Amino acid sequence: MTYPTGPLRVLVQGLFVLTGVFLILWTWSALGQRAPSGQALKYFGREFLETATERATRSYVAWALRNALVFSTAFVLVRSGLIVRAAQSLLARMGVSTHPGAGGTFLGGAIASFFWFLAVSLVSLPFQYYTGHYLERLYGLSRMTAGQWFIDYGKSFLLTALVTALAGGVLTLFVAVQPRAWPYLAGAGVLVLSLVISYLYPVLVAPMFYRFRPLENPDLLRDIEELARKAGIEISEVLVMEASKKTTRLNAYFAGLGKTKQVVLYDTLLSGTSREQARLVLAHEMSHYKHSHVLKGAILSSAGALVAFMLFAWALGRSFSSAAAGGTLVTTSPPGPVAIFVILLLFLSLVEFVTTPAGNWISRRFEIQADLDSLAWTGDVQAFVESHVKLAKGNLSDVEPPPFIRWFAWTHPTTLERLGVVQKIWGGLD
C-alpha cells in the first residue's frame with residue numbers, strides 16, 4: 001500500500017483540490033488583459049510596462065504548467081508505488097535488508113528521496129530552462145550561454161540532491177524508530193537543517209556560483225559606518241558579487257548567521273546606481289541584518305513544518321488503526337517506513353504549495369520593515385524612489401502584477417506598493 005487511505009486520503013485529496021483551484025486562478029489571472037495604471041505611468045514608460053508585462057505573463061504561464069505537471073507526476077509516483085519498489089529493488093541489489101532497521105531504513109529513505117527529487121527535476125527542467133535562461137536571454141537580463149546555465153544547474157542539482165537524500169534518510173529513520181515522537185524530531189531536524197544551510201550558504205555554496213570581493217569604495221564604506229551606528233549594529237562584512245559576467249540584473253541581499261553574516265551587493269548595482277541610491281539599498285539590507293530576518297524566517301518555517309508533521313501523523317494514525325465503524329471493526333496494517341515517507345513527501349509538497357501565501361505575507365512584512373528602516377536611517381526619500389524605480393527597470397519587474405498572483409507569490413511588496421507607502425507617509429512625491 002503506497003497511497004493513503006481513510007482520513008489521510010481525504011486530507012491529501014483536499015490539498016489536491018485546493019492546489020488545482022490555486023493553479024486555475026493563477027492561470028486565469030496571468031492570461032487576463034492588463035492595462036497600466038496612471039500610477040505606473042507616472043514612474044515608468046508605456047513601452048517598459050508592456051515589455052515587463054509580456055515577460056511576466058510568459059513566466060506566469062510556464063510556472064503554472066510546471067506545477068501542474070509536477071503534482072501530476074507526484075500523484076502517479078505515489079499511486080503506482082514506483083518509488084517504493086525502485087528503492088526496495090536497489091536495496092536488494094545492494095544486499096541491504098528491506099526490513100525495518102537502521103541501515104536499510106536510512107538508505108531506503110535516502111534512495112526514495114533521491115528518486116523523488118530526480119523525477120521532479122526532470123519534469124521541471126524544460127520550464128526552468130525556459131524561464132531561467134531562454135526568457136532571461138530574450139529580454140536582455142542574462143549574459144550566460146546555454147552551456148554556462150547548464151553547468152550552474154548541474155551544480156545546484158547535485159548539491160540539492162545530496163541534501164535531499166540525507167534529509168530523507170534521517171526522516172525515514174525517525175518514522176521507523178520513533179513512531180510516536182517522529183513529528184517532533186522531524187520539526188527539530190528541519191530547524192537544525194535550515195540553520196546549518198543558512199550558516200554555510202555564504203561561505204560554501206554562493207562561492208561555487210559567483211566570485212566575491214570586499215567592498216572597497218571609500219565613500220560607501222563611510223556610509224556603512226554611519227548607517228551601522230544609526231542602526232546600532234556591527235557589520236562584519238560587505239561583499240561585492242561579480243554578477244555582471246552572468247546577468248544585467250541589479251540586486252543586493254543579506255545572508256548568513258552568526259559569524260557568516262554578510263551584506264552582498266551586485267557589481268551591477270554599484271555601477272548602475274548613484275552613491276545615494278546604493279546607500280539606500282545598503283540601509284535596507286542592514287535592516288534585515290539588524291532584525292535577524294533570516295533566523296526568524298528559519299524558525300517560522302520550522303514551526304510550520306512541525307504543524308504539518310503533526311497533522312500528517314494524526315491522519316496516518318487515524319487511517320491505519322483499529323476503529324469501530326458502523327458496528328464493524330476495521331483494521332488496516334500501516335505501510336512500511338519508506339512507503340510512509342513517500343506519502344509524506346507528497347503531503348508536504350502539497351502543504352508547502354497551498355501555504356505559500358502565508359509565508360510570503362510574512363516575507364513582505366519583513367521587507368516593509370526594511371524599507372521603513374532604510375528611510376529612517378538615510379532620510380533620503382528621493383533616493384528611495386529613484387532606487388526602486390531603477391531596480392524595477394534593471395530587473396524588468398512586473399510593477400503591477402495581477403492581484404491574485406501578487407497575493408500568492410510575491411515575497412516583496414510591488415514597486416508601486418513601496419512607492420505608495422512613501423507617498424502615504426511623506427506625501428507629495430513627484
Kindly provide the set of residues from the range 182-219 that are more than 26 Å from SER156 (Cβ to Cβ) and either assigned to a loop (DSSP other than H, G, I, E, B) or hydroxyl-bearing (Ser, Thr, Tyr) (or both), ordered by number. TYR184, LEU215, GLU216, ASN217
Residue pairs, Cβ under 8 Å, 6 or more apart or interchain, first in the range 229-254 and free of Cβ contacts under 8 Å to residues at least 60 places away in the same chain and of a type in the set (D, E, K, R), second surrounded by 15 or more Cβ atoms within 10 Å (Cβ to Cβ) and assigned to a loop (DSSP other than H, G, I, E, B). List them. GLU237/LYS261; GLU242/TYR210
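Identify, from the list SER80, SER37, SER89, the residue that is exposed (fewer than 14 other Cβ atoms within 10 Å of the Cβ), under 30 Å from SER113 (Cα atoms), in contact (Cβ under 8 Å) with a residue 24 or more places away in the chain and small (Gly, Ala, Ser). First the steps, then the outcome.
Values: SER37 fails: under 30 Å from SER113 (Cα atoms); SER89 fails: in contact (Cβ under 8 Å) with a residue 24 or more places away in the chain.
None of the other options fit; the residue is SER80.
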Residue match in the range 302-322 (condition: within 24 Å of the chain's Cα centre (by Cα), in a loop (DSSP other than H, G, I, E, B) and not charged (D, E, K, R)): no
Output the residues belonging to the range 229-268 that are over 26 Å from ILE197 (Cα atoms) and either in contact with a strand residue (DSSP E or B) (Cβ under 9 Å, 6 or more places away or on another chain) or not in a helix (DSSP H, G or I) (or both). GLY232, THR248, THR268
Picking from GLY147, GLY108, the residue that is small (Gly, Ala, Ser), buried (at least 17 other Cβ atoms within 10 Å of the Cβ) and in a helix (DSSP H, G or I) would be GLY108
Those residues of the range 1-39 which are among the small types (Gly, Ala, Ser), outside any loop (DSSP other than H, G, I, E, B) and at pLDDT below 95, in sequence order: GLY6, GLY38
Tell me which of these TRP407 doesn't satisfy, since it passes every other one: (1) within 19 Å of ASN251 (Cβ to Cβ); (2) modelled with pLDDT of 95 or more; (3) surrounded by fewer than 19 Cβ atoms within 10 Å (Cβ to Cβ). (1)
Go through the range 330-369 residue by residue and tally those that are in a helix (DSSP H, G or I), small (Gly, Ala, Ser) and at pLDDT below 95. 1
Search result, residues across the range 385-412 that are outside any loop (DSSP other than H, G, I, E, B), within 23 Å of LEU280 (Cβ to Cβ) and either of a type in the set (Asp, Glu) or out of contact with any helix residue (DSSP H, G or I) (no Cβ under 7 Å at 6 or more places or on another chain) (or both): GLU386, LEU391
As an exercise: evaluate ILE343 against (1) among the β-branched types (Val, Ile, Thr); (2) under 27 Å from LEU41 (Cα atoms); (3) in contact (Cβ under 8 Å) with a residue 40 or more places away in the chain; (4) buried (at least 16 other Cβ atoms within 10 Å of the Cβ) and give the number of the one condition it does not meet. (2)
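The values are calculated or read from the model by the stated rules, or taken from the named source; none is laboratory data. Keep in mind the model is a prediction, meaning the values are calculated, not measured. No Cβ is skipped: glycine too gets one built from the backbone with ideal geometry, and neighbour counts run over all protein chains shown.
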